[in-house]
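Heads up: the structure comes next, in structure tokens.
What follows draws every value from the coordinates through simple rules; no lab data is involved. Source: prediction; values computed, not measured. Ideal geometry is used to build each Cβ from the backbone, glycine not excepted, and the neighbour counts take in all protein chains shown.
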Amino acid sequence: MLPNPLAIETERVAGAKPLASGQAFKFHFQFGSSGYVYVIGPGDRNQPTAFLTEKPAAISGLESNQVSKGSDFSFPNGLEHWLELDKNPGTDEYTIIFSREKLAGPDFLRSQATGKPLGDTEQAELRDFLTKYKKSEPVTEVDDKDAARPFVKVKVPQAANEAGAPVVFNVRIEHK
């Protein structure tokens, strides 16, 4: 069963196009290297929540957060699995972490994804992680030449890419 009527007809969007509040959506990623992807975003009462970790929740439709170079990685995966925006208009920000190797920490990124908001200790660990690895902001570029398949390119600064450190970037979703 689909989460709501707004998931019946799908549309691929990229960039600043707002979605409807309450709308179901998925992320699609395609990376230039194989590795692991982690997703943190607003959960219950807009509290930071780990949606995709090393051990995805069954409701994600995934068995792993591992991605293959050049392949389309959908999160959540499968027709019946979706994320859903809350019904209050606003902007939701998701933090995406890509690493060529499994992360050694924070611990909650190696644990089972539960959909529950991060506790105070986990939020502090996340802030420390972001301070350490979110040094230079990747450059984003919307490519909507093919209206049916728009996408956003995330260009990582060469120094960060060579260092092998995790790449951290944000995805902002405006909804009305």
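Taken over segment 105-119, the criterion of being free of Cβ contacts under 8 Å to residues at least 24 places away in the same chain and in a loop (DSSP other than H, G, I, E, B) is satisfied by 106, 119.
Of the numbered criteria (1) among the hydroxyl-bearing types (Ser, Thr, Tyr); (2) under 14 Å from residue 173 (Cα atoms); (3) within 16 Å of the chain's Cα centre (by Cα), the one residue 53 fails is (2).
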